[in-house]
Amino acid sequence: MTIEIVVPPSVAEQFTAAKRTTAVVSPDEVVVPAGHPAQVVLARFGGLRVGACGTGEECASSDIDFGFEVDDQALNEVTEWQRLLSTVLVNIGEFHHRHGAFFMDAAGACYGMSLMHDAFWFIAPTFGEAVERLLLGRQSRPMLRPDQAFVTMFGQRMTPAHADVYWVGLPGRSA
């Protein structure tokens, strides 16, 4: 299955204005499962820093620093989310002054993980919608593991009862 990686017109100018902070990431430099859509993202955008943090439409807008890094501290949490979501998550970059990690699953859906506290969220079902949400400051959907009673995002303490929360394991409310 090939997934098209599209930059939406709403953020195309930010990609055009972006500066390469490092060399383009070669697909040979990272271990990404064959056919995973993250290969295309990293080959096309690796080393690119797009956007800026500031006031967004619903929440703060973010910058995105495309690249692949393995954070040993986060590895256990990512492994658990892969198990819960039954997919392979690949880190395609960091965002918001490197306070969040940007992941893509095997179907092309995108997720965020705080590098500051215990929060993980569904950004969007496609790369294009995900970069719009991050760069334009649109809220994402926080997710709860079955062992979590709450998560704090957007200045709110969100429990499984909150309408915006995905809670993996709760019938009718999974991602």
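The values are calculated or read from the model by the stated rules, or taken from the named source; none is laboratory data. These numbers come from a predicted model, not from an experiment. A quick note on method: Cβ atoms are made from the backbone with ideal geometry, for glycine too, and the neighbour counts reach across all protein chains shown.
Inspect all residues belonging to the range 120-130 and state whether any of them is under 16 Å from Glu80 (Cα atoms) and over 10 Å from the mean Cα position of the chain (by Cα).
Checked against the condition, which is being under 16 Å from Glu80 (Cα atoms) and over 10 Å from the mean Cα position of the chain (by Cα), the range 120-130 yields no hits at all.
All conditions but one from (1) charged (D, E, K, R); (2) over 26 Å from Arg157 (Cβ atoms); (3) in contact with a helix residue (DSSP H, G or I) (Cβ under 8 Å, 6 or more places away or on another chain) apply to Glu57; the one that does not is (2).
Scoring Val24 on the criteria (1) modelled with pLDDT of 90 or more; (2) part of a loop (DSSP other than H, G, I, E, B) leaves a single failure, condition (1).
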